[in-house]
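Have a look at the structure below, then the notes.
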6 protein chains.
Amino acid sequence: MNKIAVFPGSFDPITVGHVDLLKRSIPLFDKIIVAIGINSTKKTLYSLEQRKAWIEKVFKGYDTVEVKDYTGLTINFCKTENANYILRGIRSAADFEYEKTIAHLNHSMNENIETILMLSPPELSSISSTIVREIIYGKGDVSKFVPKEVLEGI
Amino acid sequence: MNKIAVFPGSFDPITVGHVDLLKRSIPLFDKIIVAIGINSTKKTLYSLEQRKAWIEKVFKGYDTVEVKDYTGLTINFCKTENANYILRGIRSAADFEYEKTIAHLNHSMNENIETILMLSPPELSSISSTIVREIIYGKGDVSKFVPKEVLEGI
Amino acid sequence: MNKIAVFPGSFDPITVGHVDLLKRSIPLFDKIIVAIGINSTKKTLYSLEQRKAWIEKVFKGYDTVEVKDYTGLTINFCKTENANYILRGIRSAADFEYEKTIAHLNHSMNENIETILMLSPPELSSISSTIVREIIYGKGDVSKFVPKEVLEGI
Amino acid sequence: MNKIAVFPGSFDPITVGHVDLLKRSIPLFDKIIVAIGINSTKKTLYSLEQRKAWIEKVFKGYDTVEVKDYTGLTINFCKTENANYILRGIRSAADFEYEKTIAHLNHSMNENIETILMLSPPELSSISSTIVREIIYGKGDVSKFVPKEVLEGI
Amino acid sequence: MNKIAVFPGSFDPITVGHVDLLKRSIPLFDKIIVAIGINSTKKTLYSLEQRKAWIEKVFKGYDTVEVKDYTGLTINFCKTENANYILRGIRSAADFEYEKTIAHLNHSMNENIETILMLSPPELSSISSTIVREIIYGKGDVSKFVPKEVLEGI
Amino acid sequence: MNKIAVFPGSFDPITVGHVDLLKRSIPLFDKIIVAIGINSTKKTLYSLEQRKAWIEKVFKGYDTVEVKDYTGLTINFCKTENANYILRGIRSAADFEYEKTIAHLNHSMNENIETILMLSPPELSSISSTIVREIIYGKGDVSKFVPKEVLEGI
């Protein structure tokens, strides 16, 4: 059986935290799908096309990383993609409580999907897309927080 | 003195977690008022009438359970109803912090009202109305998360 | 059915936090058993007799409060006493996590026993028997933290 | 070197919790700037002028307290004001997680700015501007939660 | 490169929580070493031989699971075994804080070792070896909490 | 009035986390007393003399830093030293809950003493004396976790 993981998020924009976690998890899976969830009720700062293009640029040359988008529940997307793993990074106890709730619900809807949690290294554990957007909004410098491919495009 | 408890919430919709907690707390009180708080600034998925009808259907035959709605502060509603207890379920440490803040404020505004906290059983501790609405939105299956009376109506 | 609650602890010594919580919960139950758990592997500062005597003195005249001691699991003691409720105070998120674990285990061993959690008022939420013992050890003043019946005896 | 602290917030409105913390921190700094952050995407209950006027009234006669407003990132405002300290109150573990994230980001953008955290006393630890606004909205009594200068104006 | 994971613990005794997590993680790794840490300063309830025998019995027939014991730091043991992954279960926010600290330290001592965190299903999330030992000590029934191989031997 | 802070701890041994926090707090106070608490019931890895000598060596040349030891309650020691501030580092939500409890108790025993909390930078937030002792016990490398003055002496 192939080990396929879905790494879901809005990636608005992708951060160095996402990139670090993805690169560290590549050896563990046969394929990782970076899955951009589309939620029509939430406004994003960057368009779906832009967010997708950035991730593809960052992971160019990484054969086992794919970028897709999806609507609806993550576990349904997993089934469509034959993925048995959901990959998530956790930075704080608050993140943990959220992930636990979602993982338990996913498990109760589909027992075959496992959630794999990985930790950010300490120097990256304060970074999130939300924070990056706030710094951009406040006209601050995000060069330490996003990959250079994003930096060139914002 | 009668032991009257208010169980406040938006119940948008009522979940199996609410139902479980209410049924377990019935022996403790002479009357329990399921109190739907109306907050005109927040949009709900289901109308007040619909939410009320579902709860009444679920608790038909339970003589000590009433369903009401209210505006304004919960402690003011308690006073109107001669209720001395506010009943709340807690699932996580985050829930706890929130309940503590509210309970302390209520206590500082009215010393006679006690907050009684009860825990969800582990298999229900990931369920919330918010999550149910997200699953409905994502076209997922909520049959494990809401009582059958709600399931028939959504 | 009588509403009998067990309020378990080591009460080494009883604090104003315990007293406050007990007095507030008296109206809710037909009988409350203050249950001193005996754990032969843990050393206590005060003897069982002393701890018992203090609690009895504080609750003299409260007809529905009894003081007992027990060994073994709390849920087994509840069964012996025909108690359906375990009463616990929670002060912090850490307390909550601990109580949740114990309550879930108790529930999985005996479905008929409910755990009722009550909050300390903010000005009492830093007090615990552990802290009181440390202040006594450091020769500090505990007059704000223990009932006067204890203060006279230490 | 002068010790200048920035105390950032939206102060919508200033609460007795803010006032307590500011008064306790006055001896520690040569100047404290109460800094009202302007975020054009968030609606406030009171106008900037009103919020400013209240704070100035409360701290009239306190020579080392100034009230200013700013847009953009707090650390950029600190640099403009030659402030080396950001002063923040924390009430709960949730507050702590938030402050840690912000402090680490600020530190990674400017190593010279220290965040100083102070605790609220227990009886004030449930008060926040958000809660005060909700009580006002619910037509409750906020006289214990805001300074008298605010109470006269709402 | 082979994917070898170390699953460290004291397993005093192994619980159904450990067994569940191990079985779910088997597909992810080429080899999993259940690693019993020996700490001469901590007294265990069961001997090393007994704990080892139980785990071997439970995982008989699982070709990719090995049982070993070690002294000293877990990351040093990983190096000896050519393991690049440390596998850990997390049940609560408190567990998370502990695992984060250890994972960050391990990472700062050896960048090549990743910590993989997996969640317990809700019905197992209150079980730990510590709790099992306390129930055994209180003469309670642990049949829901340990595998049948352990139950026969205690 | 002089600003005198007490920085209490067991410093068994002093870590780079302690050193970082102390150096960053020096500009804020006229004098900082590094106060080694003596608790005759707890065994330490290093003798009081050794722990004291290391701290003195690290802070040689820092005129406003003193090293003392004390028994009994920290707030009593503060009074003896005319200190109005207790300085504490916090790394995690668990640390925060502990510090809040202690700070509230101290405040209820002496209103004039303020607790000032400072955060560790992320790369130091997993370091503690407890962890350092465990790594030493496991014969690991602590060169990143203790100042060079300690490293030469262990």
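Values quoted throughout were computed directly from the atomic coordinates according to the rules given, and no laboratory measurement underlies them. All values reported here derive from a predicted model rather than from experimental measurement. Counting neighbours? That spans all protein chains shown, and the Cβs are built from the backbone with ideal geometry, glycine included.
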Q. Tell me, how many Å apart are the Cα centres for the range A:90-150 and for the range F:63-99?
A. 35
Q: Express in % the proportion of alpha carbon pairs of the protein assembly as shown at distances exceeding 43 Å.
A: 37
Q: Taking the rotation that carries B onto F, look along its axis and tell me which residue of B has the beta carbon nearest to it, distance in whole angstrom.
A: B:Ala93, 4
Q. Under 19 Å Cα-Cα from C:Lys57, which lysines qualify once same-chain neighbours fewer than 8 residues away are excluded?
A. C:Lys23, C:Lys31, C:Lys68, C:Lys144, C:Lys148
Q. Copy-to-copy spacing for D:Ala53, label 7 Å out on the Cα-to-C-beta vector, in nm, shortest first?
A. 5.0, 5.0, 6.6, 6.7, 8.3
Q) For chain B, what is the charge dipole size about the Cα centre, in debye to the nearest 20, if Lys and Arg each add +1 at the Cβ and Asp and Glu each add -1 at the Cβ? A) 180
Q | Test item: A:70-77 mean partner chain Cβ contacts at 10 Å | A | 3
Q: Shortest first and in nm with one decimal, please list how far the D:Glu152 label point sits from its counterparts in the other copies (point 7 Å along Cα→Cβ).
A: 5.0, 6.2, 6.2, 6.5, 8.3
Q.
Just to confirm the number: angle between the C-alpha axis of helix B:93-109 and the first principal axis of chain B, 0 to 90 degrees, nearest 10?
A. 30
Q) Roughly what angle does helix B:48-58 make with the longest principal axis of chain B, taking Cα atoms, 0 to 90 degrees, to the nearest 10? A) 90
Q. Using Cα atoms only, what is the angle between the long axis of helix D:16-25 and the major principal axis of chain D, expressed in degrees (0 to 90) to the nearest 10?
A. 30
Q. Which residues' amide hydrogens lie under 5 Å from the amide hydrogen of F:Leu45, considering only partners 5 or more residues apart or on another chain, with H built in the peptide plane?
A. none
Q. In the protein assembly as shown, what percentage of the DSSP-assigned beta bridges are antiparallel, given to the nearest 5?
A. 5
Q. What is the average number of partner chain Cβ atoms found within 10 Å of a Cβ in F:103-114?
A. 5
**Q.** Quotient of Cα Rg and 2.2 N^0.38 Å for the range B:4-151, N being how many residues it contains
**A.** 1.01
Q. Add -39500 (n - 2.57) for each DSSP H run of 4 or more in the protein assembly as shown, then divide by its residues: what number comes out at 222 nm, to the nearest 500 deg cm²/dmol?
A. -11000 deg cm²/dmol
Q: Summarise the partner chain shielding of E:56-64 as one whole number: the mean count of Cβ atoms from other chains within 10 Å of each residue's Cβ.
A: 0
Q | Teacher prompt: F:Ile38 distances to equivalent labels in other copies, 7 Å Cα→Cβ, nm | A | 3.9, 3.9, 6.0, 7.0, 7.2
